[in-house]
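The values are calculated or read from the model by the stated rules, or taken from the named source; none is laboratory data. Quick caveat, the model's predicted, so the values are computed rather than measured. In this analysis, Cβ positions are derived from the backbone assuming ideal geometry, glycine residues included, and neighbour counts consider all displayed protein chains. These accessible areas exclude ligands, DNA and RNA; they are computed on the full protein's heavy atoms, side chains included. Shrake-Rupley method; radii C 1.70, N 1.55, O 1.52, S 1.80 Å.
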Amino acid sequence: MLEPAEYRCKGLVSGGVLPELLISTQLGIGVMVASFPLGLPFWAQVLLLVGTITAVLFICSAEIRYSLEFDGLTRSINPKVLRYKQLKRLTHIDWARIEWYTLDYDRNRNRQAYPYLLIRGKKPYFQWKIAGKTMHDTAFDQFVQSFVQSIPVSGGKQQEKAGEPSFRPAMQQIKPRPGFYRTKVAKFLTLVFVIIDVSIVVGVVTGFLTLSATSMYRLLAVLLPGTFYLLYRTLRS
């Protein structure tokens, strides 16, 4: 196993994003609706929504540590603000529970690229997404290398650890899977969006289609950039 055999990163108390995001969004909408009688301008209401979501995510922030062990992978979650024992968790996943993993990259809200290791398993179902800080995160790269080299081979096999013989039972081979943008689904979705974009642009240029100012903004600021990004990712993959 390579060193280091652990990786520390920032996260949320759930270990994911969706629960806190749903709670913060619902609470933010509630705060925004409650402000309606005050007659606040729209930009102030949006600030209340964004501020509430940001505050909830900050309160739910945590330090997460992933560590590789001989028999699997362990994740420990330590809240930074909500320091309750019930929210501190230590979860261990045996190698036999892991079905596959994906190593890919994505972009955050600031459009900065970051790598991630997605691990999915069963008995019961779980999915862990371990995100690196930047594309040049040496600690993350070393952890991924350690993870890949620590994956046991399928079929019972005697191996050595610290000079002492040990035995790993037979298990399903853990295989890497391509990221979403390398799949046929992503390529088909990209083709569909390209056809839609070209049809809209041709319709506008020829006068066959008339768009409102809002629709034109969505086309130029959302649809076209999104399609270009899909093209970039699928063609590069």
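Quick look at the values:
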read-out: Which numbered condition Phe140 fails, given (1) open to solvent by 60 Å² or more (accessible area, probe 1.4 Å); (2) modelled with pLDDT of 85 or more; (3) of a type outside the set (Gly, Ala, Ser); value: (1)
read-out: Condition check for Phe58: among the aromatic types (Phe, Trp, Tyr), in contact (Cβ under 8 Å) with a residue 60 or more places away in the chain and open to solvent by 40 Å² or more (accessible area, probe 1.4 Å); value: no
read-out: Qualifying position, being surrounded by 12 or more Cβ atoms within 10 Å (Cβ to Cβ), assigned by the TED database to the domain that holds Met135, touching a Gly at 6+ places or on another chain (Cβ under 9 Å) and among the aromatic types (Phe, Trp, Tyr), among Tyr66, Tyr114; value: Tyr114
read-out: Yes/no for Leu38 being in the same structural domain as Gln145 (by the TED database), surrounded by fewer than 18 Cβ atoms within 10 Å (Cβ to Cβ) and touching a Pro at 6+ places or on another chain (Cβ under 7 Å); value: no
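To keep it simple, each residue is scored yes or no on (1) aliphatic (A, V, I, L, M); (2) free of Cβ contacts under 8 Å to residues at least 12 places away in the same chain; (3) open to solvent by less than 40 Å² (accessible area, probe 1.4 Å).
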position: Val194; (1), (2), (3): yes, no, no
position: Asp197; (1), (2), (3): no, no, yes
position: Gly203; (1), (2), (3): no, yes, yes
position: Phe208; (1), (2), (3): no, yes, no
position: Ser212; (1), (2), (3): no, yes, no
position: Ser215; (1), (2), (3): no, yes, no
position: Leu219; (1), (2), (3): yes, no, yes
position: Tyr229; (1), (2), (3): no, yes, no
position: Leu235; (1), (2), (3): yes, yes, no
